[in-house]
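Data first, discussion second: the structure below is written as structure tokens.
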Amino acid sequence: MAQSKTTKSDEFDSIIIGSGLAGLIAAHQLEGTGRKVALIEGLDALGGSCRPSQTKAGPIDHGLKFLPDCDESREALAWLSSVLGEEITFEVIEAPPVTYDDGKFKPFVGFGDQNVRTAHEVSSYAKERYLQLASTPKDWVVRLTETFTGSVNTLSYVTKFQTDDEFIIDAIINGAKRISGREVLFCAAPQQLTRLLPETHVPARLKQRLLKGEVWTSANLDLVHAAPVTDSRAVHILKGANEEPSVGLFYPPTTDADGVQRQVSQWLTLVARDMSDDDETVASALKQIKRQIKRAYETSLEGLVQERIIVNPSSHGDLAGILPEDGRWPKVQNLWVLSGLLDPFKNLLGTMRQARKSLAAIAGEPALPVSADSDLSEAKPQPTA
């Protein structure tokens, strides 16, 4: 483990910036090694984009979370089971992705010769088999939050890193408070490091790739429908003319305390990172989602019980290969980046994999291959519409 060159009264072994799933996993694992850990979060509660959301249909994930059925997903879940100390069960859903065209649903087979800017990101959802989890990220972050006993700093932003030679010496919080740590784990958008670190500690080529790389902001729409809309479990990839596609899932209907059936669906579309601060652009993206849903399910938006809008900056993209596999930052010996954007696999799977790789380098996390003794339990695949 790298050592800083100064001693501060407010000193930690590990400073973790960002309390999403990767940050909370890191806090849990590093605290388990006896380290003194500080967790820095800009929001007023922990969990980041994986925190739970309360709706009139019950708690749901904070936006669409998706895990394809593949060996890498199973290995990641086996590892996470050991982290949480509890069994993760899932159902394999067999449902080829669908689209809506010419007045009917069709299997989604790609965009053909259409110029779709977000096609690469959307394709990560276009799987014939995915895992429906019994416990989901909203549950995992609650569990990890409850078991963490280190220093929690909410409504706190890193405004600058002070460095000496090849080490971060201090993290400046909210422009005033200083904390120091022997190792720093950055679990937020990696592009922020280009302004938080001194220019001398950001290689020019890396800076260019971070700022010019393909990164997208997701505009998410969570809907509670007044009545069941469909029994399809397929990933929906909907697209109108001259529009970017929207990705969505309908979940099985639930019955509330009054015996009324509700159905939840979750949707997202992607907005260019440099346009995501424009309110009109985001509003237009959300209206686009609704148009595409209504085109496919004409009455689905009538009498909506609830709708939630979530904008998740720099949530999607491809920065794989710009840093070493373990996420260590060049020129700074005690800085690691834990971002799913760095992993070849995308979304939730990329986040878990990158957290595991970085923690293996920092704390010697053992490999946890899937085996017959794993805490991972699988239900039989269920063919669905």
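Entry remark, region 8-44: residues being assigned to a strand (DSSP E or B), more than 20 Å from the chain's Cα centre (by Cα) and over 15 Å from Ile168 (Cβ atoms) number 1 in total. In this entry, Pro59 is excluded by the filter for residues that are over 21 Å from the mean Cα position of the chain (by Cα) and either farther than 30 Å from Asp170 by Cβ or part of a helix (DSSP H, G or I) (or both). Applying a threshold of 8 Å to beta carbon distances and a minimum spacing of six or more residues, or different chains, the list of pairs starting in region 34-47 at a residue that is of a type in the set (Asp, Glu) and ending at one that is surrounded by fewer than 14 Cβ atoms within 10 Å (Cβ to Cβ) reads Glu41/Thr154; Glu41/Leu155; Asp44/Thr154; Asp44/Leu155. Only one of the numbered conditions (1) under 30 Å from Ser284 (Cα atoms); (2) in contact with a Ser or Thr (Cβ under 7 Å, 6 or more places away or on another chain); (3) assigned to a strand (DSSP E or B); (4) of a type outside the set (D, E, K, R) is violated by Asn220, and that is (2). Would you confirm whether or not region 73-82 contains a residue that is in a strand (DSSP E or B), among the small types (Gly, Ala, Ser), surrounded by fewer than 20 Cβ atoms within 10 Å (Cβ to Cβ) and touching a strand residue (DSSP E or B) at 6+ places or on another chain (Cβ under 9 Å)? No, the conditions are met nowhere in region 73-82. I'd like to check something: does region 201-218 contain any residue that is hydroxyl-bearing (Ser, Thr, Tyr) and touching a strand residue (DSSP E or B) at 6+ places or on another chain (Cβ under 7 Å)? Yes, there is a match, as at least one residue in region 201-218 is hydroxyl-bearing (Ser, Thr, Tyr) and touching a strand residue (DSSP E or B) at 6+ places or on another chain (Cβ under 7 Å).
Results for (1) modelled with pLDDT of 95 or more; (2) farther than 30 Å from Ser339 by Cβ; (3) touching a helix residue (DSSP H, G or I) at 6+ places or on another chain (Cβ under 8 Å), shown as yes or no for each residue.
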| residue | (1), (2), (3) |
| --- | --- |
| Thr194 | yes, no, yes |
| His201 | yes, no, no |
| Asn220 | yes, no, no |
| Val224 | yes, yes, no |
| Ala241 | no, yes, no |
| Pro245 | yes, no, yes |
| Gly248 | yes, no, yes |
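Note on region 221-260: among residues that are within 25 Å of the chain's Cα centre (by Cα) and of a type in the set (S, T, N, Q), the one that is farthest from Phe105 (Cα to Cα) is Ser246. Selection of region 98-119 for residues being surrounded by 14 or more Cβ atoms within 10 Å (Cβ to Cβ) and within 21 Å of the chain's Cα centre (by Cα) yields Thr118, Ala119. Only a single item in (1) under 17 Å from the mean Cα position of the chain (by Cα); (2) crowded, with 20+ Cβ neighbours inside 10 Å; (3) of a type in the set (A, V, I, L, M, F, W, C) is not met by Val311, and it is number (2).
For region 78-119, which residues satisfy the criterion of being of a type in the set (Val, Ile, Thr) and at positive phi? Listed by number, the list is empty, since nothing qualifies.
Matching residues to (1) of a type in the set (Gly, Ala, Ser); (2) in the same structural domain as Cys187 (by TED's automatic domain parsing):
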{"residue": "Thr255", "(1), (2)": "no, no"}
{"residue": "Leu268", "(1), (2)": "no, no"}
{"residue": "Ile293", "(1), (2)": "no, no"}
{"residue": "Ser300", "(1), (2)": "yes, no"}
{"residue": "Asp326", "(1), (2)": "no, yes"}
{"residue": "Trp329", "(1), (2)": "no, yes"}
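Does region 87-97 contain at least one residue that is in contact with a His (Cβ under 6 Å, 6 or more places away or on another chain), of a type in the set (A, V, I, L, M) and either touching a residue at least 60 places away in the same chain (Cβ under 8 Å) or within 29 Å of Leu238 (Cβ to Cβ) (or both)? The answer is no; no qualifying residue exists. On the given criteria, is Arg233 basic (Lys, Arg) and not assigned by TED's automatic domain parsing to the domain that holds Gln306? No: the conditions fail for Arg233.
The values are calculated or read from the model by the stated rules, or taken from the named source; none is laboratory data. Keep in mind that what you see is a predicted model, and the values were worked out from it rather than measured. Positions of Cβ are generated from backbone atoms using ideal geometry, with glycine treated the same way; all protein chains shown enter the neighbour counts.
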